[in-house]
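Please read the structure below before turning to the comments.
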Amino acid sequence: MDRTTIQDMVYQTCLLLDDKNFDAFLDLCDEGFRYSITTHSPEIRKDMIWLDHDKKGMQNLFTQLPRHNSDHSPITRHAIVYKVDVDEGRKEADVVSALQVYKTDLDGGATALFAVGKYVDTIRFEGGKPKLAKRVVKLDTRMLGIGYHIPF
Amino acid sequence: MSKTAAQWHETPKFPSSHYVDSRIYTDQQLFEEERQRIFNKTWYIACHESEIPNAFDYRTFQHPGGTPLIIVRGEDMKVRAFYNICPHRGNTLLYDPSGNAKRITCIFHAWSFDTQGNCTDISREEQGYQKRFCKADAGLREVKSETGYGGFIWVNVDDNCVPLKTFIGDAMGELDPYIGMPLEVFHYHRAIVDTNFKLWHDTNSEFYHDYMHYFNRVTGMMQLGYFDRKCVGYDNGHVLVGSMEIKYDAYAGSKERGIGWPGLAQGGWILIDLFPGMTYNLRTSVLRMDTMIPLSPNKVMIEYRGLGLKSDTPAERAQRIFDHNTIWGPFGRNLHEDLLGVHGQGRAMRPGTDSRWVLQGREENSTIHDEVGMRHYYAEWSRLMGRKAFDPYGERRVSAAA
């Protein structure tokens with residue numbers, strides 16, 4: 001459970017999601033995987049959940065993507081691992097990474113910052129291999145324009 | 001057959017009520033008139049009572065007519081609305097979108113106001129004004145406010161406006177039985193989109209655009225009764241888009257909504273568009289409220305709220321949030337598609353693109369693929385603007401047959 005392995009895991013998830021290689025991303029996830037996107041609204045003074053799925057829910061979401069009309073401008077996730085807390089007893093690591101998401105217009109290629117936030121991950125080690133057990137995307141950005149179908 | 005330039009500009013072969021001139025979506029002059037003649041004259045939803053539950057709680061609100069407002073609950077628990085403008089030097093009084101303030105104090109020169117709009121302190125009042133001006137001269141500008149129709153807080157900046165009940169008329173009759181209990185906002189987000197505000201309202205006024213939604217194509221449109229849903233127009237430009245029951249099990253990953261909504265049929269759906277830019281959308285387990293704040297002819301800020309019952313258990317609330325997000329969250333399958341659609345309209349209708357007409361000519365016995373809801377809206381728009389939506393500058397001679 002060295003830090004390099006954990007960092008590689010976080011970065012690998014970014015690369016796979018950027019490539020829309022969703023099956024490979026899910027292969028990195030534990031069977032009990034839980035994914036959520038959360039943020040806080042100062043307007044209504046409440047924490048909000050904007051997306052919440054288990055592994056099957058994520059699989060279904062990814063499967064349905066081609067059937068929707070979507071903004072096809074690709075996004076690029078840029079994460080930097082800030083903090084790693086390893087619990088040898090639980091065989092888990094709690095990992096906090098800074099996250100920036102950029103969107104590049106399909107027409108013309110202009111890139112703009114789309115969102116900032118943090119990945120708060122739980123990485124579980126089973127048989128010496130890391131698995132993503134939980135990911136909470138804590139968004140600071142709440143204005144996402146016309147929205148997006150692919151989770152960050 | 002494709003068209004020449006002349007043919008492209010020809011008046012559509014519809015009655016004049018069945019199309020509009022694209023310039024009503026793009027012209028600055030018309031936009032300014034809309035602010036004055038429509039938004040500054042009609043009731044508008046500013047926020048929900050659950051956002052300011054306690055004495056001295058406040059919300060700020062960008063009124064669609066242009067004026068920034070404060071909505072505040074007083075010590076007497078009455079909700080009042082004021083300009084968020086200091087009467088001294090015109091500064092913003094409250095900067096945060098929400099909070100709790102026993103005194104509303106301008107950061108600029110520390111003039112202070114209570115929640116009834118009275119000025120309670122002018123810094124070094126006598127030294128500066130002697131007897132020429134005093135606190136009694138410096139009250140906040142109050143605007144009319146009422147709470148109703150699901151606990152929403154409505155404002156009207158016209159001192160001579162009709163009561164909210166008169167403005168709504170019978171339009172909320174279909175929904176009233178389901179929103180009498182205390183509700184609570186659990187979701188809020190904004191989208192700023194490069195499009196005209198009316199185009200979002202248009203989208204909410206018909207279900208013909210279900211062709212854009214895979215989910216709706218494989219569920220609602222396949223159901224018996226889908227095409228029986230009627231649009232009903234009410235006074236003042238409001239429209240009910242007929243109700244139905246949704247069969248969620250037709251879509252992989254969805255399931256019959258377990259918790260529903262008190263009194264509403266399982267899978268029920270009621271949508272009411274209120275003129276000039278608000279939509280109540282009660283679908284199965286969640287009430288969604290859209291309010292549009294036009295920022296320019298081709299830019300609108302849409303506020304999205306999701307509401308459940310104040311009495312929800314944690315499990316019930318979690319289910320409502322899940323249901324809401326699946327369809328209507330910023331990552332939901334339908335909202336992004338709807339926004340993509342109006343974003344595309346805004347892109348195609350920018351000044352100079354030679355977009356000329358928007359057709360609203362579908363007639364299907366006033367059912368939900370009929371464009372009668374839009375026609376009803378633009379009849380009211382034309383009345384209030386003193387302009388014809390199909391000919392806003394009085395340039396065209398329309399034949400008697402049209």
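Quick one: in region B:158-196, of everything that is touching a Leu at 6+ places or on another chain (Cβ under 8 Å) and among the acidic types (Asp, Glu), which residue is farthest from the other protein chains (Cβ to nearest Cβ)?
Filtering first and then ranking leaves B:Glu174.
Looking for whichever is under 13 Å from B:Val20 (Cα atoms), in contact with a Leu (Cβ under 8 Å, 6 or more places away or on another chain) and surrounded by 18 or more Cβ atoms within 10 Å (Cβ to Cβ) here; the options are B:Pro330, B:Pro392. Which one fits? Please lay out each step first, then the result.
On the way: B:Pro330 fails: under 13 Å from B:Val20 (Cα atoms).
Testing whether each residue is under 13 Å from B:Val20 (Cα atoms), in contact with a Leu (Cβ under 8 Å, 6 or more places away or on another chain) and surrounded by 18 or more Cβ atoms within 10 Å (Cβ to Cβ) leaves just B:Pro392.
Mind checking which strands (runs of 3 or more DSSP E) fall wholly inside region B:1-89 and carry at least 1 residues that are within 19 Å of the chain's Cα centre (by Cα) and surrounded by 15 or more Cβ atoms within 10 Å (Cβ to Cβ)?
B:44-48, B:57-62, B:68-73, B:79-83
Given the conditions (1) within 14 Å of another protein chain (Cβ to nearest Cβ); (2) not in a loop (DSSP other than H, G, I, E, B), and given that B:Tyr378 satisfies all but one, which numbered condition is not satisfied?
All conditions pass for B:Tyr378, except number (1).
With respect to the numbered conditions (1) within 10 Å of another protein chain (Cβ to nearest Cβ); (2) over 22 Å from A:Gly57 (Cβ atoms); (3) over 21 Å from the mean Cα position of the chain (by Cα), which one is the sole condition not fulfilled by B:Ala318?
(2)
Out of A:Lys91, A:Lys83, A:Lys55, which single residue is closer than 22 Å to A:Ala133 by Cβ, within 13 Å of chain B (Cβ to nearest Cβ) and either in contact (Cβ under 8 Å) with a residue 24 or more places away in the chain or not β-branched (Val, Ile, Thr) (or both)?
Checking each option against the conditions leaves just A:Lys55.
Name the residue that is farthest from B:Lys13 (Cα to Cα), counting only residues in region B:341-375 that are touching a Ser or Thr at 6+ places or on another chain (Cβ under 7 Å) and within 14 Å of another protein chain (Cβ to nearest Cβ).
Out of the qualifying residues, it is B:His343.
Going through A:Arg34, A:Arg45 one at a time, which residue ends up being touching a Lys or Arg at 6+ places or on another chain (Cβ under 6 Å) and within 14 Å of another protein chain (Cβ to nearest Cβ)?
Criteria check complete, one pass: A:Arg34.
Hey, does region B:189-199 have a residue that's at pLDDT 85 or above, crowded, with 18+ Cβ neighbours inside 10 Å, more than 28 Å from B:Asp370 (Cα to Cα) and over 20 Å from the mean Cα position of the chain (by Cα)?
Within region B:189-199 (the criterion being at pLDDT 85 or above, crowded, with 18+ Cβ neighbours inside 10 Å, more than 28 Å from B:Asp370 (Cα to Cα) and over 20 Å from the mean Cα position of the chain (by Cα)), the answer is no, since none of the residues qualifies.
In region B:90-124, which residue that is part of a loop (DSSP other than H, G, I, E, B) and in contact with an Asp or Glu (Cβ under 6 Å, 6 or more places away or on another chain) is nearest to B:Ser145 (Cα to Cα)?
Residue satisfying both the conditions and the ranking: B:Gly117.
How do the pairs read when you match residues in region B:1-13 that are modelled with pLDDT of 95 or more with residues anywhere that are not in a loop (DSSP other than H, G, I, E, B), using Cβ under 7 Å and keeping only pairs 6 or more apart or on different chains?
Listed by first residue and then by second, the contacts come to B:Pro12/B:Tyr19; B:Pro12/B:Trp357; B:Pro12/B:Leu359.
Can you tell me which of B:Asp312, B:Asp338 is more than 7 Å from chain A (Cβ to nearest Cβ), outside any helix (DSSP H, G or I) and at pLDDT 95 or above?
Of B:Asp312, B:Asp338, the one residue that is more than 7 Å from chain A (Cβ to nearest Cβ), outside any helix (DSSP H, G or I) and at pLDDT 95 or above is B:Asp312.
Can you pull out the residues in region B:197-213 that are within 14 Å of chain A (Cβ to nearest Cβ) and under 11 Å from B:Thr291 (Cα atoms)?
B:Trp200, the sole residue that qualifies.
Taking the residues in region B:356-389 that are surrounded by fewer than 16 Cβ atoms within 10 Å (Cβ to Cβ) and among the hydrophobic types (A, V, I, L, M, F, W, C) as candidates, determine which candidate is nearest to the chain's Cα centre (by Cα).
If we take residues in region B:356-389 being surrounded by fewer than 16 Cβ atoms within 10 Å (Cβ to Cβ) and among the hydrophobic types (A, V, I, L, M, F, W, C), then B:Ala379 is nearest to the chain's Cα centre (by Cα).
Of the residues that make up region A:118-133, is at least one surrounded by fewer than 17 Cβ atoms within 10 Å (Cβ to Cβ), in contact (Cβ under 8 Å) with a residue 12 or more places away in the chain and more than 12 Å from every other protein chain (Cβ to nearest Cβ)?
Scanning region A:118-133, I find at least one residue that is surrounded by fewer than 17 Cβ atoms within 10 Å (Cβ to Cβ), in contact (Cβ under 8 Å) with a residue 12 or more places away in the chain and more than 12 Å from every other protein chain (Cβ to nearest Cβ), so the answer is yes.
Residues are listed down the side, and each one gets a yes or a no for (1) among the β-branched types (Val, Ile, Thr); (2) in contact with a Phe, Trp or Tyr (Cβ under 6 Å, 6 or more places away or on another chain); (3) under 23 Å from B:Tyr214 (Cα atoms):
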| position | (1), (2), (3) |
| --- | --- |
| A:Asn60 | no, no, yes |
| A:Ser70 | no, no, yes |
| A:Tyr82 | no, no, no |
| A:Asp87 | no, no, no |
| A:Thr111 | yes, yes, no |
| A:Tyr119 | no, no, no |
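Starting from residues that are surrounded by fewer than 18 Cβ atoms within 10 Å (Cβ to Cβ) and free of Cβ contacts under 8 Å to residues at least 60 places away in the same chain, keep the ones in region B:266-316 and report whichever is farthest from B:Thr60 (Cα to Cα).
Selected residue: B:Gln266.
Would you point out the residue of region B:112-127, among those that are closer than 17 Å to B:Val143 by Cβ and polar (S, T, N, Q), that is surrounded by the most Cβ atoms within 10 Å (Cβ to Cβ)?
Residue satisfying both the conditions and the ranking: B:Thr115.
Evaluate region B:245-258: report whether one residue or more is surrounded by 22 or more Cβ atoms within 10 Å (Cβ to Cβ), modelled with pLDDT under 95 and under 18 Å from the mean Cα position of the chain (by Cα).
There is no residue in region B:245-258 that is surrounded by 22 or more Cβ atoms within 10 Å (Cβ to Cβ), modelled with pLDDT under 95 and under 18 Å from the mean Cα position of the chain (by Cα).
The values are calculated or read from the model by the stated rules, or taken from the named source; none is laboratory data. These numbers were taken from a predicted model, which means no experiment stands behind them. So basically every Cβ, Gly included, is an ideal-geometry build from the backbone, and we count neighbours across all protein chains shown.
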